[in-house]
Each structure stands twice: as C-alpha cells, then as structure tokens.
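The values are calculated or read from the model by the stated rules, or taken from the named source; none is laboratory data. The model shown is predicted, which means the values in this text are computed figures rather than measured ones. Positions of Cβ are generated from backbone atoms using ideal geometry, with glycine treated the same way; all protein chains shown enter the neighbour counts. Heavy atoms of the whole protein, side chains included, go into the accessibility calculation; ligands, DNA and RNA do not. Shrake-Rupley method; radii C 1.70, N 1.55, O 1.52, S 1.80 Å.
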Amino acid sequence: MTDNNNAHPPTIATPGALAALTVGFAGVIVVWVLAWVLHLPAIDASAATTLPILIVALVATNVLTLRAHPSVGRVKAGLLGGLVTGLVNLLIVGSVAVEQPESTDAMAEYANQFRSEAVLIIPGTILLCVIAGGIGALLARGGRARLTSRSAWLARLGLVTVFVYLPLIAVGGAVTSTESGLAVPDAVTSYGAVSVLFPFELMSEPRIFLEHSHRLFGTLAGLATIVLMVSVLLFEPRKYCKLLALLLFVAVCVQGYMGIKRVSELSTPIAILHGVFGQIVFTLAGLLAAGLSLPWTQLPPDEERAAAAAKARKWGWLMVGFLFLQLAMGAAARHLDRMDPPSPGASHARLTHAAFAFVVMFVIVLAGAFAIRVGKAGAGFKGIRRLGAGLHGIVTVQFLLGWAALGLIMTRKEPLEVPTADRLAAAAPIRTLEALVTTTHQATGAILLLLAVVTAAWLSRLARPRKP
C-alpha cells in the first residue's frame, strides 16, 4: 500500500503551465546573469555584442530545458516559455526604454518617463524571446515519458527557483565587498524612479550598478518565489511542501523589508542580519526543491541504508549548526569592518571566523564521508553520494578562498568606508582583487551551506524509510 499523504499525482502527458514557467524562468536566469556580466562597468559591452550573445544563450537554454518535454506539445511549451521569459525580462529592459539623463541630478525631471522608442523596445523584447523559445523547441530532442509528469515539472521549477537565488546572493556579496550598499539613497525607489525603470546610462558608476542590480535580482527572486508558491499550492498534495512554500514566501518578504530598513536607517546590525538571513532564505529554497524532487517520495525503502543514515544524520545537522555560526561570524566581520570608524569587534570576529574554520572543515569532511557511506549502503543512492562528494569539493575551495581573503584584508593599508550617494565622486576606488576574492568566498559559502542543509535533510529522510 502507498501512503496517500506522500503520493504524487498520476503522470500527465502535457504538463502545461508548469513546463512553460520552468522553461521561461530558466531562460530568465541565463539572460540576466549574462547581461549583468556583459554590462559590468569594467566590460560595458555594446548592444551589438550583447544582443547576439543573449539570444544564442537563450536558445541553447530552451533546447536543454525542453529536452525533457514530450515531442507532442513541445513547440507550444517553448513558445509559452519564451513568452514568460520576455515578460519577466521587461524588469531589466525598462531601464533602456526610459529617458536617459546625463546625471542623477536630473532624475527629478526625467524619472519614470519612457522614450518614444519604448513602443518598439518592449514588444520587440517579448517577440525575440518567443521566437527563441520556438527555435529551442524545434531543435530539442528527447522527451522521456517518465519525466513528463506534472510532479516532475514542479520539481524542476523548484530547482530553477534555487538558481534564481544564487546570483542574488553573489551580487549581494559584491555590494558588501565594494562598499556599494548606500550608493542609491532611497530605499524603495532608485533616485526617485521605480526600480525597474532606473536609466541604464546612470549605471556606469560601478557602485550604483552593483547596488541597483542587487535590487533587480531581489525583485526577480520575489517574483519566482510567488510563482513557485502558487504552483505548489495548486499542484502539490503534500501539506509540508505547501507549508514550506508559504514559509519561503514570508521569509523573502522579511528579507526584502530588512534590505529597505538597512538603507533607510543606515543600520549596520540590520546589514549583518540581512546578510545572514539571505542565506537562510537560500537554504529554505533548497529544502523545498529537495522535497519536491521525485526521489524524495519514490525512492524504495532499504533497511541497511536507513540504519546507516540514522547514524549519519546527527553529523549532518551538527555540520549545519556549525556553518550557521561560521556564517554569522563572517557577516559580522565584513560589516563591522565597514563602520565609520571601524568597530574593534571586526578583528575579533574575523580571527574567530578564521580559527573556527578548521573545526567546521573537519565536521564537514566527516559528514560528507558519512553521506557517501550511506549512498553505498544497501541498495545505495547516488544522490546522497554526490552531495557528500560535493561537500568535500566545495569546502576545500572555500577553505582556500577564506585564507586568500584573510591575506588580502590583513594587508589592506587604508580603512574602509561605505560612501553615501552624495559622496560617490570622492569615494576611494574599488579594490578589485579583494572584492573578487571576498565575494567568491561569500558566494561559495552560501553554496556550501545549501549543500549542507540539503544533505542533512536527505540523511533524515533516508533514516525514516516509508513503510511498504
């Protein structure tokens, strides 16, 4: 007999809206990340260079995501997915469709005013994305029947949502590493403009670009969270998945509110809490994606594997607890160091963070080894083995990055300052190498925490096999 509370809906030949949403948001992630990299002030690629790269990347993404869709209805799914991509991309295209003043001083006059070319730019963007979706559908091959259920596409949508959060975390780390957190003076709007309509030309100032793009990625994450929550409430029968989706939505709202308060109140404690809570939101998205995955409910029970998992799960959750402590100390060190004057607690938090890294690494290596052993016990499970191996690889990279970041920070000759919007012109230049290393260290730490939480959750799941 099957536990009805854990049963998935029967296989459905045409997953419909879930496939279109998954394809659409997958395309959005690729386009946004590439556009962000190509428009970094140090690169500043022209439109003639950027547009072909984005179109080719979008088509390639559509080909890959549509391979899992059955051939029947694939073109429709591609076109609808392209429509989703085009509509969501308007969140960044709006910055090109508005008037482009020469400086932020002119924003009072030009804010939220569309150019005459907007009537071509907006529908043209949507049309290009729809065409890219159709081409991707025609080029795609595959369509495995067992992966075309509504549950399978909901699981993919959960995974895509996790990837939406990753650039938000990374760009947020870049904002802190470059002292860009106060480059935009208003907390809700951007120099008086609706955030999605902030003129592109004004993003040539590096700190404005980083802070504003972080807000845009936050908007995207919020939208993706709402879409996933509604999809789970409509199509997922399990109550704990629905509860987790609602909790994720509330957490995203709280995180956005903290971001607003951090800017409006110039609060360092809120900045620290904002940085820590952002990674908690990231791990919640990972937990939901794991719960929505097909193996979570379809993996056959195995007593030997369950016994091994029961012994290993305590190490998994100990690893998670230690990583949260390490995250809090790292966030405190980063933000206290940027106070004016720097807080004496910054050095203490940084050195404690560095020393505790040895303990954290030992626990992660041990937990990863236990996870690999669980994956080999009884009938085995490749998923938990890969998570264990991933923990070993990521923690090694993170450990090396941490010491590289510490070396750069300890040899810094001048104190840090987070310039407000009215002091950007006189601000010290961004220390590119230090910002790159510390941002990579912060983003890798977020990935490590995500893997740790998902590994611990899977060990707990495997330790309680479903009754036959």
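To the nearest 10 square angstrom, what accessible area does Ser204 show with a 1.4 Å probe?
Rounded to the nearest 10, the figure is 90 Å².
Quick check on the chain: helices-only [θ] at 222 nm, where DSSP H runs of length 4 and up contribute -39,500 (n - 2.57) each and the sum goes over total residues. Nearest 500, please. Each step should come with its number before you reach the end.
Values: 14 runs with 333 residues, N = 468.
Calculated at 222 nm, the ellipticity per residue is -25000 deg cm²/dmol.
Mind listing the Cα extents of the stretch 89-155 along all three principal axes, in Å, largest one first?
57, 24, 15
Pop out the Kirkwood hydrodynamic radius of the stretch 381-455 from its pairwise C-alpha distances, inverse of mean 1/r, in Å to one decimal. Display every interim value, and only then the final one.
Numbers: mean 1/r = 0.0686 Å⁻¹.
Value: 14.6 Å, from the Cα pair sum.
Taking only protein heavy atoms and a 1.4 Å probe, what accessible area per residue, in Å², does the chain have with all protein chains in place? Walk me through the numbers before you get to the answer.
Details: 21050 Å² over 468 residues.
Accessible area per residue: 45 Å².
Return the whole-Å distance between the Cα centroid of the stretch 183-261 and the Cα centroid of the stretch 320-383.
Between the Cα centres of the stretch 183-261 and the stretch 320-383 lies a distance of 27 Å.
Could you sort Tyr165, Tyr257 by their accessible area in this structure, using a 1.4 Å probe and putting the largest first?
On the way: Tyr165 10, Tyr257 130 Å².
Descending order: Tyr257, Tyr165.
For the stretch 88-142, state which GluC sites (Glu not before Pro) are in a DSSP loop and have at most 10 other beta carbons lying within 10 Å of their beta carbon.
Values: sites: Glu99, Glu102, Glu109, Glu117; in loops: Glu99, Glu102, Glu117.
Those satisfying the criteria are Glu102.
How much FRET efficiency would the formula 1/(1 + (r/R0)^6) give for Ala379 and Asp105, where r is the Cβ-Cβ distance and R0 is 60 Å, rounded to 0.05?
Details: r = 67 Å, r/R0 = 1.12.
The calculated FRET efficiency here is 0.35.
With bins 10 Å wide starting at 0, give me the P(r) of the stretch 321-367 over every alpha carbon pair, in whole percents.
Each 10 Å bin holds this share of Cα pairs: 30, 45, 19, 6, 0.
Just check the stretch 104-216 against the gyration tensor rule for me: Cα atoms, a ≥ b ≥ c as the square roots of the eigenvalues, rounded for a/c under 1.5, and otherwise prolate or oblate depending on whether a/b exceeds b/c.
Working: a/c = 3.19, a/b = 1.62, b/c = 1.97.
It is oblate, given that a/c is not under 1.5 and a/b is not larger than b/c.
Using only alpha-carbon positions, what ratio does the radius of gyration of the stretch 362-402 give when scaled by 2.2 N^0.38 Å?
Numbers: Rg = 10.9 Å, N = 41, 2.2 N^0.38 = 9.0 Å.
Against the empirical 2.2 N^0.38 Å value, I get 1.21 for the stretch 362-402.
For q = 0.08, 0.13 Å⁻¹, what log10 I(q)/I(0) does the chain give under the Debye formula with an equal point scatterer on each alpha carbon and no solvent?
Debye output, listed in q order: -0.51, -1.28.
Which far-off residues, 5 or more places away or on another chain, put their amide H under 5 Å from the one on Phe114, with H placed in the peptide plane?
Distant-sequence amide H within range of Phe114: Glu99.
Kindly give the semi-axes, whole Å and largest first, of the ellipsoid equivalent to the stretch 80-122, taking each as the square root of 5 times a Cα gyration tensor eigenvalue. Intermediate results must be reported in sequence, preceding the final value.
Working: eigenvalues 129, 21, 8 Å².
For the stretch 80-122, the semi-axes come out at 25, 10, 6 Å.
Just the number, please: carbon plus sulfur as a percent of the accessible area of the stretch 296-393, 1.4 Å probe, no ligands or DNA/RNA counted.
Details: 3260 of 4820 Å².
Within the stretch 296-393, the accessible surface is 68 percent carbon and sulfur.
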